[in-house]
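Let me begin by presenting the structure, written as structure tokens, before commenting on it.
Read-outs throughout are calculated quantities, based only on the coordinates presented, and are distinct from any laboratory measurement. For clarity, every value in this text was computed on a predicted model and none was experimentally measured. Note that we place each Cβ from the backbone using ideal geometry, even for glycine, and neighbour counts take in every protein chain shown.
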Amino acid sequence: MLFPYTYVPHQMDKMQTFIDYIFHEAWCKAPTSGPFGLNLFDANAELREVMEAFYYSDAQGADFFYGHVERIYGLFSALSAAQISQFQQWYQGNNDLEKLCANDPAAQLVRYTDIAVTHKDLGGQLAVFFKGLYSQSLLDLAALRAKIGDIDHHYKAFVTANKAGKCPFCGINDLLSEYHSKREAYDHYLPKALYPFNSINFRNLVPACHHCNSSYKTSKDPAHKPKDPAGEAVRRKVFYPFSTAPHAIKLQVTLQHADIENLTPTDIHLTFGPANIGEQIDTWRDVYDIEERYKAKFCAENDGKYWLTQVLDEWQYDGKSPADFLTTLSRQATSKPYAECNFLKKSFLDACQRVGLLDAIEKGENAP
Ligand SMILES: [Zn+2]
């Protein structure tokens, strides 16, 4: 991603603390805690209120939640201490998003398919439960909402703190802001279809533009390379969306020819750096199809081609030389890289200059 988000603490984080409690204090202690009952939640008064309200409710979401917590408790009660300890490691690993993104061996990433090898029924129940946690029919239930607030409010707080207004995954598209009545969808960065335990962890829930989320990333797995012919799933590093260590991706554009009118994506070559974050950059390019989207932008009538026209027009009508134009743009691209796609505009016009397109203007071929 081009720049990280700032994590915004919010009342909704409480949902993860409820799930933490259910996992550690109820499920993992099931072998020694006796039959399932509301008393298991006595030590967490707010969660106990929610569970009690759900117990007496006949709303679908309440049944879903209470029923799964109870069923999974039953399956955990048959586990050995060693098996429980394994589940605790998996739970902790899958919720340490920063280490998982760095492919740090200290955090183990477990998939539903890994759990199913040894725990078919339990794996199945966990899958239904965790895939269903982030659903409006559950989060909208009054008893839960009273404790955790709602996602629209979370979004407002999120975009109020993260003011860029642009999608950090592509840098191209706007994100709906606190001044819009609608919001962007939250992407499960590590897909909830593949990974248990982190589907309501807001370190794994990131707003993204519609195209990044729904057209390009879809169900792709940022944590694993696309399978090789042998079918091996190989781990990879990926940018952590809430990293506090800033990075800067360098993009160099090369054009194969100077015939701008007939420029197509195959005539454009992109190089990304720096090398010290090369693996994260490769993952980002793959997951969001960055090359296809940037090349399309350069070939568009009202983007790449227009940027070149702008240089020409300013030279023609205002007497501003291409070199001056590039100096100004360079300053803008440094201070505001994502305003008006300055980062792409700068890389593209530099490429135009290298292929001689701006010399032609300077030499007066297109000048008045
Ligand atoms: Zn995007």
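Extending 7 Å from Cα along the Cβ direction at Val128 and again at Arg331 yields two label points whose distance is 6.4 nm. From its DSSP helices (H runs of at least four residues, each -39,500 (n - 2.57)), the chain gives a residue-normalised ellipticity at 222 nm of -14000 deg cm²/dmol. Extension gain for Lys225-Leu38 works out to 63.0 nm (0.36 nm per residue, less the C-alpha to C-alpha distance). Annotation: extensible slack from Asp104 through Lys147 equals 12.1 nm (criterion: 0.36 nm per residue apart, minus Cα-Cα distance). With a threshold of 32 Å on the Cα-Cα distance, the over-threshold entries among Lys14/Lys217; Lys227/Lys305; Lys156/Lys305; Lys14/Lys346; Lys163/Lys346; Lys305/Lys336 are Lys227/Lys305; Lys156/Lys305; Lys14/Lys346.
Between Thr118 and Lys156, the modelled labels are 4.7 nm apart [label points 7 Å from Cα along Cα→Cβ].
Charge dipole of the range 183-337 (Cα centre as origin; +1 on each Lys and Arg Cβ, -1 on each Asp and Glu Cβ, all else neutral): 860 debye, rounded to the nearest 20. Listed by chain and number, the aspartates and glutamates whose C-alpha is less than 13 Å from the C-alpha of Lys192, apart from same-chain residues fewer than 8 away, are Asp221.
Applying a DSSP loop filter and a limit of 14 other Cβ atoms within 10 Å to the GluC sites (Glu not before Pro) in the range 292-362 leaves Glu301. Highest mobility in the GNM of the chain, judged by mean-square fluctuation with C-alpha springs under 10 Å and restricted to Asp289, Asp63, Asp259, is found for Asp259.
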